[in-house]
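The values are calculated or read from the model by the stated rules, or taken from the named source; none is laboratory data. What you see is a predicted model; the values in this text were computed from it and never measured. So basically every Cβ, Gly included, is an ideal-geometry build from the backbone, and we count neighbours across all protein chains shown. To get the accessible areas, we keep the full protein, side chains included, count just its heavy atoms, and leave off ligands, DNA and RNA. Shrake-Rupley method; radii C 1.70, N 1.55, O 1.52, S 1.80 Å.
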Amino acid sequence: MMLIPTHHFRNIERKPEYLQPEKCVPPPYPGPVGTMWFIRDGCGIACAIVTWFLVLYAEFVVLFVMLIPSRDYVYSIINGIVFNLLAFLALASHCRAMLTDPGAVPKGNATKEFIESLQLKPGQVVYKCPKCCSIKPDRAHHCSVCKRCIRKMDHHCPWVNNCVGENNQKYFVLFTMYIALISLHALIMVGFHFLHCFEEDWTKCSSFSPPTTVILLILLCFEGLLFLIFTSVMFGTQVHSICTDETGIERLKRKNQPREHMGSWQSVKETFGGDFSLNWFNPFSRPCQPEIPSDKDMVRQVTSLSDTETMEDPSEETKDEDSVEVTDE
């Protein structure tokens, strides 16, 4: 993963005028719940297309090179159903991770009227993101690709062309899990197919010529091994982040935030949608929806802050994390 900070500092003030609210545009009228979310990023769109192409290539090789030409119909039917089911769940999880709002903070809400409505008291501060002019709740970070502050942002993943945040982390975990499973399944089938072809005549174990068959199988083997390693690591990293209630950014920055951590099991249930059930593995079921942050969630309490004092976020290092981009690269 790669961390790219920029050199902008965050303003933290108790008085509204120090947040320069005149530079903020009031937020647009919020859309209906479930409005589709899509990031117009060229690199992310290209990576998403490549992801689908590689899955469809694996489908082609598995079906038309290995299973359909096989004389063992039971073997072909069972493996065909399992592989296609896993591939469908992987692509469905990818779509949900890509098209789900990861937890974007309302843009442009750091207006003078809104800040004054908070009626800040001595010792209370609000955190403003200078990039999207939003008042940031705790554990929110600005993504330079999405151009929004994301609640509990773990990282920005170009393979799903979206940030991984509190609303879509379940789908990203399922995506990595199902890709790892179909990669492992494809590798096992390639191994058995090579053994079968060595024992039989190569012209009878595939509809394609022997050189074409070998090339297609080697490419699938390379793809499966690469993605098995990559997605297994990402899956383990995400599960660790969920169990420790610590995002990737927080882990990389080595933050010691004075906040209450949820228990491991409670954090897992919140991410995957309640008590353990088959819905945990269903990309069409929604995770537990967090409560919409209230105004008081945007206000934080500090000690010894004067009326005109400017300070950096105590939970951050000297460089501003408002412009942090973390990717899977």
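What do you reckon, is M177 of a type in the set (A, V, I, L, M), in a helix (DSSP H, G or I) and open to solvent by less than 10 Å² (accessible area, probe 1.4 Å)? For M177, the condition - of a type in the set (A, V, I, L, M), in a helix (DSSP H, G or I) and open to solvent by less than 10 Å² (accessible area, probe 1.4 Å) - is not met. For the stretch 105-123, a tally of residues being open to solvent by 30 Å² or more (accessible area, probe 1.4 Å) and of a type in the set (G, A, S) returns 1. Flag not set for P102, criterion: touching an Asp or Glu at 6+ places or on another chain (Cβ under 8 Å), surrounded by 17 or more Cβ atoms within 10 Å (Cβ to Cβ) and at pLDDT below 90.
Per this entry, A97 is counted among residues that are of a type in the set (G, A, S) and either in a strand (DSSP E or B) or under 22 Å from W280 (Cα atoms) (or both).
Just so you know, in the stretch 197-211 the residues that are open to solvent by 80 Å² or more (accessible area, probe 1.4 Å) and in a loop (DSSP other than H, G, I, E, B) include one that is modelled with the lowest pLDDT, and it is E200. Of V214, V239, all but one fail to be assigned to a helix (DSSP H, G or I), of a type outside the set (S, T, N, Q) and closer than 29 Å to A48 by Cβ; the exception is V239.
In the stretch 146-174, the qualifying residues are those that are open to solvent by less than 10 Å² (accessible area, probe 1.4 Å) and of a type in the set (S, T, N, Q), and the one that is farthest from L54 (Cα to Cα) is N168.
Per-residue answers, yes or no, for (1) out of contact with any strand residue (DSSP E or B) (no Cβ under 9 Å at 6 or more places or on another chain); (2) closer than 24 Å to L228 by Cα; (3) touching a residue at least 60 places away in the same chain (Cβ under 8 Å):
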site	(1), (2), (3)
G42	yes, no, no
I45	yes, yes, yes
E59	yes, yes, no
F64	yes, yes, yes
D72	yes, no, no
V82	yes, yes, yes
L91	yes, yes, no
P102	no, no, yes
A140	no, no, no
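Just checking, does the stretch 219-236 include any residue being under 12 Å from the mean Cα position of the chain (by Cα), crowded, with 23+ Cβ neighbours inside 10 Å and in the same structural domain as F284 (by the TED database)? For the stretch 219-236, residues under 12 Å from the mean Cα position of the chain (by Cα), crowded, with 23+ Cβ neighbours inside 10 Å and in the same structural domain as F284 (by the TED database): present. For beta carbons closer than 9 Å, sequence separation of 6+ or different chains, a first residue in the stretch 186-210 that is more than 18 Å from Y57 (Cα to Cα) and a second that is small (G, A, S) and open to solvent by 40 Å² or more (accessible area, probe 1.4 Å), the qualifying pairs are W202/S209; T203/S209. Test V190 against the criterion of being open to solvent by less than 40 Å² (accessible area, probe 1.4 Å), of a type in the set (A, V, I, L, M) and assigned to a helix (DSSP H, G or I), and give yes or no. Criteria met by V190.
Does F60 satisfy the criteria of being aromatic (F, W, Y), more than 20 Å from the chain's Cα centre (by Cα) and open to solvent by 30 Å² or more (accessible area, probe 1.4 Å)? Criteria met by F60. Among the candidates I77, I68, the residue that is open to solvent by 60 Å² or more (accessible area, probe 1.4 Å) and free of Cβ contacts under 8 Å to residues at least 12 places away in the same chain is uniquely I77.
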